[in-house]
Amino acid sequence: MTSISGRYAIVGIGESDVGRHLGRSGMALHLEAMTRALTDAGLDKTSVDGLLTRPSRSDPQFNYSAVLAGRLGIQPTYFSDVALGGASSASMILDAVAAIEAGFCTTVLCVNGDAQTSRGANRRAGLTNWIEDFERPFGMLGAPESYGLSARRHMYEYGTTSEQFGAIAVACRKHAGLTPNATFRTPMTLMDHQASRFVAEPFRLLDCCPVTDAAGAVIVTSAERARDLAQPPVFLLGLGQGFTHADLPYAPSMTTVAMRGASQRAYAMAKLGPEDIDLAELYDCFTYVVLLTLEDYGFCKKGEGGAFVEDGRIELGGALPVNTGGGLLSQAHASGSLLVTEAAIQMRGAAGARQVAGAETAIVSGQCGVTGINVCLILGKHPN
Amino acid sequence: MSRPVVPVANFDTQPFWDGCARGELLLQRCTACQAYRHPPSPICPHCLSDQHAWVAASGRGKVYTFVVVRETRARGWDKMVPYVVAVIELEEGPRMLTNLTSVAPEAVTIEMPVEVTFAELDGTTKLPLFQPR
């Protein structure tokens, strides 16, 4: 293996003002250091396509690297929260080099620090950041409300219906019935879905994935080393990350989102297109998210996701089987880890009664930030 | 009106909530490129300037999207259902998350014209809600 020693460099440095009781938020300090590093490097912000940070402990925020990307007004193709305490600042450098070496990005902004003595105002009521400041007091408490805002907009723009959401719930349940290690296996009909009560309208109860106890793990190594191991390898053909927004209410678009860029990067790496994909394991915290992902992953045109999921097209035996293990909706949540294991099981040809016959490629969606953050994987039975 | 969660201003959002307490809907506006932004941020996402002014918004806008919360297990909020969480597109451009008031959930539509109204929460804090106009 060729050494990377001496092949990467630090080209910009930024330090925020320092002191005690500055009366500024941790994010304000981060942004000051970041803009100063850009100025020092003589780089325009648009040339930054990687972003690594550690969530500030004085303003802890979910998906903080994405929040910072939004505040900086950039759309990085690689970003992550590195949460290793005092080792984070150095650890980010390792991650930056790995990401550039892999081709995920070319230029990475790394930032760490905190407002350790200026927490007072933020700590009074456990309300610690402005996303919560502008959401929770209005009863926007969790995922159903957030994703529902996007779903309602899709229904308005494209005429998408609750019955079409239901077709996704029905497909996932049908597949879970063929999956021994699934939580919810009792058959469900479209009528059952339509009879379920509204939770956050337009979402009914059966549009929402239940909470469950579950975990999934995988081991990744080189294709070369894989040859000597016990199992048939499942090859990583395409990998892509995408970002469009950290806060859905303020997203540039609520219906064309991070899945698009993530899948485009994965397809480009794999030299494959949606027409080459045999099955899909798509993050389905809500039924609607599958529909949105199918559109942005290019399986149908924007706005046609509703028609695409009807008539069993996404069920086993259909044109594109989706969530063959039951998905988050019917197998288990597990933060999407079982979508990865299921795709790999299918590529091994080891899925038993739910095996997609002859499947050689699978696409996986990992999703968060209310559609603003997406990671797309394309797996293959063969190394392409 | 009693709510289980009230906004607590932080360093970046204090002027917004001070404005609400006076019955004014304020937006940050970049001094360098004149772009409005919401929610508040230390820098402009367009030009990265850290210079901004707080300016009064018209308080008018239209519904961009909404959900009707009909069921929640969250303590306190369970007594408030059904309520409407809406995203308003303000005349100045930025969107704002809020609740709709003075309208039945069934009557809410996307594009509905709305205006701000301030709901007193605890004597010191006022929450910007929107109602049909």
Scan of the range A:137-184 for residues that are part of a loop (DSSP other than H, G, I, E, B) and at the interface with chain B (Cβ under 9 Å from one of its Cβ atoms), ordered by number: A:G139, A:M140, A:L141, A:G142
Every residue from the range B:12-42 that is assigned to a loop (DSSP other than H, G, I, E, B) and more than 8 Å from chain A (Cβ to nearest Cβ): B:R22, B:G23, B:E24, B:L25, B:T31, B:A32, B:C33, B:Q34, B:A35
Restricting the range B:62-80 to residues that are more than 9 Å from every other protein chain (Cβ to nearest Cβ) and touching an Asp or Glu at 6+ places or on another chain (Cβ under 7 Å), the residue that is surrounded by the fewest Cβ atoms within 10 Å (Cβ to Cβ): B:K62
Unique residue being assigned to a loop (DSSP other than H, G, I, E, B), of a type outside the set (F, W, Y) and at pLDDT below 95 when the list is A:G14, A:G23: A:G23
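Residue by residue through the range A:14-28, note down the ones that are within 11 Å of another protein chain (Cβ to nearest Cβ) and among the aliphatic types (A, V, I, L, M).
Correct list: A:L22, A:M27, A:A28.
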Count - residues of the range B:57-100 that are among the hydroxyl-bearing types (S, T, Y) and within 14 Å of the chain's Cα centre (by Cα): 4
Selection count, the range A:48-66, where residues are away from chain B (no Cβ under 13 Å) and either over 23 Å from the mean Cα position of the chain (by Cα) or of a type in the set (K, R) (or both): 2
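So that you can scan it fast, the table gives a plain yes or no per residue for (1) aliphatic (A, V, I, L, M); (2) outside the structural domain of A:N374 (by TED's automatic domain parsing); (3) more than 22 Å from A:E163 (Cβ to Cβ):
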residue: A:E310; (1), (2), (3): no, no, no
residue: A:I314; (1), (2), (3): yes, no, no
residue: A:A319; (1), (2), (3): yes, no, no
residue: A:V340; (1), (2), (3): yes, no, yes
residue: A:A344; (1), (2), (3): yes, no, yes
residue: A:A353; (1), (2), (3): yes, no, yes
Index of the failed condition, A:M155 passing every other in (1) crowded, with 21+ Cβ neighbours inside 10 Å; (2) under 22 Å from A:T256 (Cβ atoms): (1)
Condition check for A:R71: outside any loop (DSSP other than H, G, I, E, B) and either touching a Lys or Arg at 6+ places or on another chain (Cβ under 9 Å) or at the interface with another protein chain (Cβ under 10 Å from one of its Cβ atoms) (or both): yes
In the range A:109-128, residue farthest from A:L38 (Cα to Cα) [restricted to those that are modelled with pLDDT of 60 or more and under 27 Å from the mean Cα position of the chain (by Cα)]: A:D114
Residue count, the range B:1-54 (criterion: farther than 28 Å from B:G76 by Cα and not β-branched (V, I, T)): 24
Residue that is farthest from the other protein chains (Cβ to nearest Cβ), among those in the range B:90-118 that are in contact (Cβ under 8 Å) with a residue 24 or more places away in the chain and touching a helix residue (DSSP H, G or I) at 6+ places or on another chain (Cβ under 7 Å): B:F118
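What number of residues within the range A:206-230 are within 14 Å of another protein chain (Cβ to nearest Cβ) and buried (at least 16 other Cβ atoms within 10 Å of the Cβ)?
Count: 3.
The values are calculated or read from the model by the stated rules, or taken from the named source; none is laboratory data. Keep in mind that this is a model prediction, so the values were computed, not measured. Every residue, glycine as well, gets a Cβ built from its backbone with ideal geometry; the counts of neighbours run over all protein chains shown.
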